[in-house]
Amino acid sequence: MTTHADEAVDRDLRLAVDLLRREGAGFVLVGGGQVVARGDRHGIMPLLDAVEALRDHGGRATALADRVLGRAALLLALAVDVQAAHGETASDAAVLEAQGRGIALSWSVRVPAILNRAQTDGCPFELALQGCRDPVEALRVVRSVAAHMRRSEARG
């Protein structure tokens, strides 16, 4: 059975996926039939910035479409009440997290894990959030890991 709310979420997800594919966005957040945020840069930081900005202004989103959807990206989206998500590439951990929370999740390609940019280890954000279940805490952890990475890069 499909409820009106389910239909609205489905429409929002279809819009997000369409824009992701048609316009080549990195991610698209949609709520109430409107794009509430989108990013074109690589990595998780544009999504983090968008989610924090939405939260700062009391905004919400019901759907996320992302080029690479790991558990970290999914947790960030949950901080603005996302109810459905799509990853062109989605990790096993994101799929399991979504299933455990009753979040609708689709993907084009499913992978065992999201890797770091060098493809030598797990994504540092995914690794840092392994024990985290709280989306708001995930915001803080991702911001902290990113700051630590920037400091490390600056030291050379």
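Mind putting a number on the dipole of the stretch 116-156 about its Cα centre? Charges go on the C-beta only, +1 for Lys and Arg and -1 for Asp and Glu, and I need it in Debye to the nearest 20. Kindly include the intermediate steps, with their values, before the conclusion.
On the way: 7 positive and 5 negative charges, 44 e Å.
Dipole size: approximately 220 debye.
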Ignoring everything except DSSP H segments at least 4 long, calculate the 222 nm mean residue ellipticity for the chain; use -39,500 (n - 2.57) per segment, divide by total residues, nearest 500.
-15500 deg cm²/dmol
Of the listed values [x] 15.5; [y] 18.4; [z] 17.6, identify the label whose number matches Kirkwood radius over Cα pairs in Å calculated from this model.
[x]
Give me the dipole magnitude in Debye, nearest 20, for the stretch 1-101 about the Cα centre, with unit charges on the beta carbon: positive for Lys and Arg, negative for Asp and Glu.
100
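Skip the ligands, DNA and RNA, and give the accessible area per residue of the chain with a 1.4 Å probe, whole Å². Kindly include the intermediate steps, with their values, before the conclusion.
Numbers: 8180 Å² over 156 residues.
That works out to 52 Å² per residue.
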Excluding ligands, DNA and RNA, the carbon-plus-sulfur percentage of the accessible area of the stretch 1-116 with a 1.4 Å probe reads 51
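Could you grab the relative contact order for the chain? Cα pairs under 8 Å, six or more apart, rounded to a whole percent.
Details: 263 pairs, mean separation 27.0, N = 156.
Relative contact order comes out at 17 percent.
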Max mean-square fluctuation residue, GNM over the chain, Cα-Cα springs under 10 Å, options ALA90, ALA79, ALA146:
ALA146
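The values are calculated or read from the model by the stated rules, or taken from the named source; none is laboratory data. For clarity, every value in this text was computed on a predicted model and none was experimentally measured. No Cβ is skipped: glycine too gets one built from the backbone with ideal geometry, and neighbour counts run over all protein chains shown. Note: accessible area is taken over every heavy atom of the protein model, side chains too, but ligands, DNA and RNA are not part of it. Shrake-Rupley method; radii C 1.70, N 1.55, O 1.52, S 1.80 Å.
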